[in-house]
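Engineer: The structure follows.
The values are calculated or read from the model by the stated rules, or taken from the named source; none is laboratory data. This structure is a prediction, so every number in the text was calculated from the model and none was measured. As a convention, Cβ positions derive from the backbone with ideal geometry for all residues, glycine included, and neighbour counts pool all protein chains shown. Protein only, heavy atoms only, side chains kept; ligands, DNA and RNA dropped before computing areas. Shrake-Rupley method; radii C 1.70, N 1.55, O 1.52, S 1.80 Å.
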Amino acid sequence: MTPSIDLDAVGRHIDAHLDEHIEMLRRYVRQPSVSIDGLGMRGCAELVAEHYRQLGCQEVEVVETGTHPAVWARYDAGAPRTVVNYNMYDVRPVGDPAAWTHEPFGAVVEPCGDAPAVLYGRGACVPKGPDVAWLSALGAIRAVHGDLPVNVVFLAEGDEILGSPSYSGLIERFAHRLAPADGCVYLRAGQTAGGELPLVLGYKAFLTFELRVSGRRWGRGPVDAAAHSATASIVDGPAWRLARALSTLVDEDGAIAIEGWPDGRRRPEPGGGDRGMVEELLRRFEGRSWTDVIPGLAGTGVRTFAHGLNGPAVLLGYLYGSSLNVQGLSAGYTGPGTRTYTVPAEATALLDARLVTEREPEQLLLDLRAHLDAHGFADVEITVKSAYPGCRTDPRADLVQSFLRAARRAGGEPVVWPLQGYGGPWAILARRFGLPLVFATGIGHGGNVGLPDEYLVVDGGGRVPGLREMERFCVDFLSDFAGRAPGARA
């Protein structure tokens, strides 16, 4: 039988130990973990493992991968329900340190505006602040009650910023331990200054891949080294061939032209389960600019939308549209001046696809290969960076409902999205094991992720939630979910 949690007693424990939790976060932020260049990665993996040991996990393992170490841990409370805690510990690069007004890994805490205490540092908001709040909440429950009300499985990756190339392998390795779980949780300080926080119930299939044309593979153009462009009248250019290959992937209107992939123009009306959520989003956003409310558009200056979309169709296009995007192109010399004029020996393009489909990523990649071959581009190489399925979570799931209740009790205003364009390895957990997801959301406020002076509000002075409120929310959320397990005490 799952014991009930004394929320007041656990809350008092949090209050009494809050300074310790802040110091835990400061130590975590001071430990660099930049996966792109490897700065501090192994040290941070060991620190994450230390956090799990301090919680009392019976199993903790630093797992080697093809990039950076991951961390597996399990806390067995003998409870009827188990939660998987997806986690990441890598952070984005600092960029230009001169653009920061605080030391990027200094974890300085100081007042800002109406907030008595704000912690600055790379990773403070994503992912380290929310992770410390979650672990501190679990530790507080254990300190008061001697155990947790659920079993928790932790699987933390160190290459999320790289596209999570290792996570599918980690899931495969620990599949027999993950399959019996009842849900997957990954919390963030997701609130706006006004108190809104998103809850996303669906993700699109997400592929990231590189296309490469080389003179050697093609059998034309420069093979061993770039040629001088004075010879371009007699030497074929791999960059032009790549451009032609890319042009076959979409039609003149920008719709996807790969057989087996959704073309991106057919946007079904929301079904019965989604209709109410979409109508609520339209009511909430009425009179506001789409660039202010659709994630990823703020500050971009976008004024018109693809395929002539306007009005409510913009929201439907975002939710249910499929896309194929060119992230970047590379060929030859792109630095200042002209250097030596060249016909490059190779050219590459980095693309991502976000597709509303039930088809598996492996099938979609076979479709891509077949398309290129059929259009005469059998020499074009495909390097897959990441490939994840789409997934949906039932809004009636206990995990979702417990999150919504706890968020509202904490003063949050959840905004429920039936689907968004993001995607990642967590979708495998939902798709393969049928786990409901509560992902990348939660009580708390921070910002500047990936920008200078990333921050997390530690003490909001009652105006915005700080670390104390984040931890109390985690306790309430977990208590609510555990209390709905079969045989749980009311």
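Engineer: Can you spot a residue in segment 85-94 that is open to solvent by 50 Å² or more (accessible area, probe 1.4 Å), of a type outside the set (G, A, S) and either modelled with pLDDT of 95 or more or assigned to a helix (DSSP H, G or I) (or both)? Even if it seems obvious, please write down each step before you answer.
Structural biologist: Residues of segment 85-94 that are open to solvent by 50 Å² or more (accessible area, probe 1.4 Å), as a first pass: 92-93.
Okay, now just the ones that are also of a type outside the set (G, A, S), so 92-93.
Then keep just the ones that are either modelled with pLDDT of 95 or more or assigned to a helix (DSSP H, G or I) (or both); that gives 92-93.
Within segment 85-94 (the criterion being open to solvent by 50 Å² or more (accessible area, probe 1.4 Å), of a type outside the set (G, A, S) and either modelled with pLDDT of 95 or more or assigned to a helix (DSSP H, G or I) (or both)), the answer is yes, since at least one residue qualifies.
Engineer: Residues V343, V415, V356, V380: which one is under 23 Å from A255 (Cα atoms) and either touching a Pro at 6+ places or on another chain (Cβ under 8 Å) or open to solvent by 20 Å² or more (accessible area, probe 1.4 Å) (or both)?
Structural biologist: Working: V343 fails: under 23 Å from A255 (Cα atoms); V415 fails: under 23 Å from A255 (Cα atoms); V380 fails: either touching a Pro at 6+ places or on another chain (Cβ under 8 Å) or open to solvent by 20 Å² or more (accessible area, probe 1.4 Å) (or both).
Result of the check over V343, V415, V356, V380: V356.
Engineer: Looking at V118 and the list (1) surrounded by 21 or more Cβ atoms within 10 Å (Cβ to Cβ); (2) free of Cβ contacts under 8 Å to residues at least 24 places away in the same chain; (3) among the hydrophobic types (A, V, I, L, M, F, W, C), which single condition is not satisfied?
Structural biologist: (2)
Engineer: Still on this structure, I have one more. Pull out all pairs, ordered by first then second residue, where Cβ-Cβ is under 6 Å, the residues are six or more apart or on different chains, the first lies in segment 273-284 and is farther than 15 Å from Y318 by Cα, and the second is surrounded by 13 or more Cβ atoms within 10 Å (Cβ to Cβ).
Structural biologist: Short answer, once both residue conditions are applied: none.
Engineer: Return the residue satisfying two criteria in turn: it lies in segment 193-214 and is touching an Asp or Glu at 6+ places or on another chain (Cβ under 9 Å), more than 21 Å from L350 (Cα to Cα) and not aliphatic (A, V, I, L, M), and of such residues it is surrounded by the most Cβ atoms within 10 Å (Cβ to Cβ).
Structural biologist: Going through segment 193-214, the residues touching an Asp or Glu at 6+ places or on another chain (Cβ under 9 Å) turn out to be 194-197, 201-202, 205-214.
Subset that is more than 21 Å from L350 (Cα to Cα): 194-197, 201-202.
After this cut, where a residue has to be not aliphatic (A, V, I, L, M) as well, the list is 194-196, 202.
Values: G194: 8, G195: 16, E196: 14, G202: 22.
Only one residue tops the list, namely G202.
Engineer: Looking at segment 281-301 only, could you name the residues that are assigned to a helix (DSSP H, G or I) and open to solvent by 70 Å² or more (accessible area, probe 1.4 Å)?
Structural biologist: Residues satisfying the conditions are R283, D292.
Engineer: Any chance segment 406-428 includes a residue that's touching a strand residue (DSSP E or B) at 6+ places or on another chain (Cβ under 6 Å), assigned to a helix (DSSP H, G or I), under 29 Å from T208 (Cβ atoms) and in contact (Cβ under 8 Å) with a residue 40 or more places away in the chain?
Structural biologist: yes
Engineer: Report whether or not T393 is surrounded by 20 or more Cβ atoms within 10 Å (Cβ to Cβ) and either closer than 21 Å to G195 by Cα or at pLDDT below 95 (or both).
Structural biologist: On the way: surrounded by 20 or more Cβ atoms within 10 Å (Cβ to Cβ): yes; either closer than 21 Å to G195 by Cα or at pLDDT below 95 (or both): no.
Against the criterion (surrounded by 20 or more Cβ atoms within 10 Å (Cβ to Cβ) and either closer than 21 Å to G195 by Cα or at pLDDT below 95 (or both)), T393 does not qualify.
Engineer: Something else: Do we find that A257 is of a type in the set (G, A, S), more than 16 Å from G202 (Cβ to Cβ) and open to solvent by 50 Å² or more (accessible area, probe 1.4 Å) in this structure? Full working, then the answer.
Structural biologist: Working: of a type in the set (G, A, S): yes; more than 16 Å from G202 (Cβ to Cβ): yes; open to solvent by 50 Å² or more (accessible area, probe 1.4 Å): no.
Against the criterion (of a type in the set (G, A, S), more than 16 Å from G202 (Cβ to Cβ) and open to solvent by 50 Å² or more (accessible area, probe 1.4 Å)), A257 does not qualify.
Engineer: Is it the case, given these coordinates, that D159 is acidic (D, E), touching a residue at least 60 places away in the same chain (Cβ under 8 Å) and more than 20 Å from P69 (Cβ to Cβ)? Talk me through it step by step, then tell me what you get.
Structural biologist: Working: acidic (D, E): yes; touching a residue at least 60 places away in the same chain (Cβ under 8 Å): yes; more than 20 Å from P69 (Cβ to Cβ): no.
Answer is no for this residue.
Engineer: Is at least one residue of segment 51-60 open to solvent by 40 Å² or more (accessible area, probe 1.4 Å), at pLDDT 95 or above and part of a helix (DSSP H, G or I)?
Structural biologist: yes
Engineer: What is the number of the single condition among (1) part of a loop (DSSP other than H, G, I, E, B); (2) surrounded by 14 or more Cβ atoms within 10 Å (Cβ to Cβ); (3) modelled with pLDDT of 95 or more that V278 does not meet?
Structural biologist: Single failed check for V278: (1).
Engineer: Residues of segment 481-490 being open to solvent by 10 Å² or more (accessible area, probe 1.4 Å) and not aliphatic (A, V, I, L, M), which ones?
Structural biologist: Within segment 481-490, G483, R484, P486, G487, R489 meet the criteria.
Engineer: I would also like to ask the following. Take the residues in segment 446-469 that are among the charged types (D, E, K, R) and crowded, with 20+ Cβ neighbours inside 10 Å, then tell me which one is nearest to E110 (Cα to Cα).
Structural biologist: Restricting attention to segment 446-469, the residues satisfying the condition of being among the charged types (D, E, K, R) are 453-454, 459, 463, 468-469.
When the remaining residues are screened for being crowded, with 20+ Cβ neighbours inside 10 Å, the result is 454, 459, 469.
Working: E454: 13, D459: 10, E469: 18 Å.
Among those residues, the one meeting the criterion is D459.
Engineer: So for segment 159-166 (the condition being within 24 Å of V29 (Cα to Cα), under 21 Å from the mean Cα position of the chain (by Cα) and open to solvent by less than 10 Å² (accessible area, probe 1.4 Å)), does at least one residue qualify?
Structural biologist: The answer is yes, given that some residue of segment 159-166 is within 24 Å of V29 (Cα to Cα), under 21 Å from the mean Cα position of the chain (by Cα) and open to solvent by less than 10 Å² (accessible area, probe 1.4 Å).
Engineer: Can I ask one more? Only one residue in R188, R217, R265 is open to solvent by 60 Å² or more (accessible area, probe 1.4 Å), touching a helix residue (DSSP H, G or I) at 6+ places or on another chain (Cβ under 8 Å) and within 27 Å of L162 (Cβ to Cβ). Which one?
Structural biologist: On the way: R217 fails: touching a helix residue (DSSP H, G or I) at 6+ places or on another chain (Cβ under 8 Å); R265 fails: within 27 Å of L162 (Cβ to Cβ).
Going through R188, R217, R265 in turn, just one is open to solvent by 60 Å² or more (accessible area, probe 1.4 Å), touching a helix residue (DSSP H, G or I) at 6+ places or on another chain (Cβ under 8 Å) and within 27 Å of L162 (Cβ to Cβ): R188.
Engineer: Here is a list: A387, A370, A378, A349. Which entry is outside any loop (DSSP other than H, G, I, E, B) and over 23 Å from the mean Cα position of the chain (by Cα)? Full working, then the answer.
Structural biologist: On the way: A387 fails: over 23 Å from the mean Cα position of the chain (by Cα); A378 fails: outside any loop (DSSP other than H, G, I, E, B); A349 fails: over 23 Å from the mean Cα position of the chain (by Cα).
Testing whether each residue is outside any loop (DSSP other than H, G, I, E, B) and over 23 Å from the mean Cα position of the chain (by Cα) leaves just A370.
Engineer: Continuing with the same structure: Hey, among G78, G113, G56, which residue is more than 26 Å from I36 (Cα to Cα), free of Cβ contacts under 8 Å to residues at least 40 places away in the same chain and not aromatic (F, W, Y)? Explain how you work it out, then say what you get.
Structural biologist: Details: G78 fails: free of Cβ contacts under 8 Å to residues at least 40 places away in the same chain; G56 fails: free of Cβ contacts under 8 Å to residues at least 40 places away in the same chain.
Unique residue meeting the criteria: G113.
Engineer: Can you work out which of the residues in segment 75-84 that are of a type in the set (A, V, I, L, M, F, W, C) and open to solvent by 10 Å² or more (accessible area, probe 1.4 Å) is nearest to W134 (Cα to Cα)? Before you say what the answer is, go through the steps one by one.
Structural biologist: Taking segment 75-84 and keeping what is of a type in the set (A, V, I, L, M, F, W, C), we get 77, 79, 83-84.
Keeping just the survivors that are open to solvent by 10 Å² or more (accessible area, probe 1.4 Å) gives 77, 79.
Working: A77: 17, A79: 19 Å.
Only one residue fits best here, namely A77.
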